[in-house]
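Please read the structure below before turning to the comments.
The values are calculated or read from the model by the stated rules, or taken from the named source; none is laboratory data. No experiment lies behind these values; they were computed from the predicted model shown. FYI the Cβ positions are ideal-geometry reconstructions off the backbone, even for glycines, and counts take in every protein chain you see.
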Amino acid sequence: MKTCDLSSGAAKLALALKQLGIKWEITAETWDDATARRFHEEFIVPLKPEVKQTLEAVGRLAEVLDRAGRDVSDDVIY
């Protein structure tokens, strides 16, 4: 029995956050006013800890699902 693949989605999420950071740095070179600073504080800054927490939770869930998959496959009687 194959368990679902959470690692590829987690990797995509981590990559997307990294790319957002790079794009924001590029944007901040030309957009530097009060609105940009407010946008950064309200939307960009909160993402890093939220994504980190999400990735940690996905990692724990993947471990549980892997363990459950092994437990189920060990109990199968033919």
Quick check on this structure: which one of Ala57, Ala14 is in contact (Cβ under 8 Å) with a residue 24 or more places away in the chain, part of a helix (DSSP H, G or I) and surrounded by 11 or more Cβ atoms within 10 Å (Cβ to Cβ)? Ala14
Count of segment 46-78 residues which are out of contact with any helix residue (DSSP H, G or I) (no Cβ under 8 Å at 6 or more places or on another chain) and under 22 Å from Gly9 (Cα atoms): 17
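Can you tell me how many residues within segment 1-27 are aromatic (Phe, Trp, Tyr) and at pLDDT below 95? Break it down stepwise before answering.
Narrowing segment 1-27 to residues aromatic (Phe, Trp, Tyr): 24.
Then keep just the ones that are at pLDDT below 95; that gives none.
So the count comes out to 0.
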With (1) part of a helix (DSSP H, G or I); (2) modelled with pLDDT of 95 or more; (3) among the polar types (S, T, N, Q) as the list, and Thr30 as the residue in question, which single condition is left unmet? (1)
Please state which of the following conditions Arg70 fails to meet, knowing it meets all the rest: (1) surrounded by fewer than 10 Cβ atoms within 10 Å (Cβ to Cβ); (2) in a helix (DSSP H, G or I); (3) not small (Gly, Ala, Ser). (1)
Look through Val45, Val64, Val58 and report the one residue that is at pLDDT below 95 and of a type in the set (Val, Ile, Thr). Val64
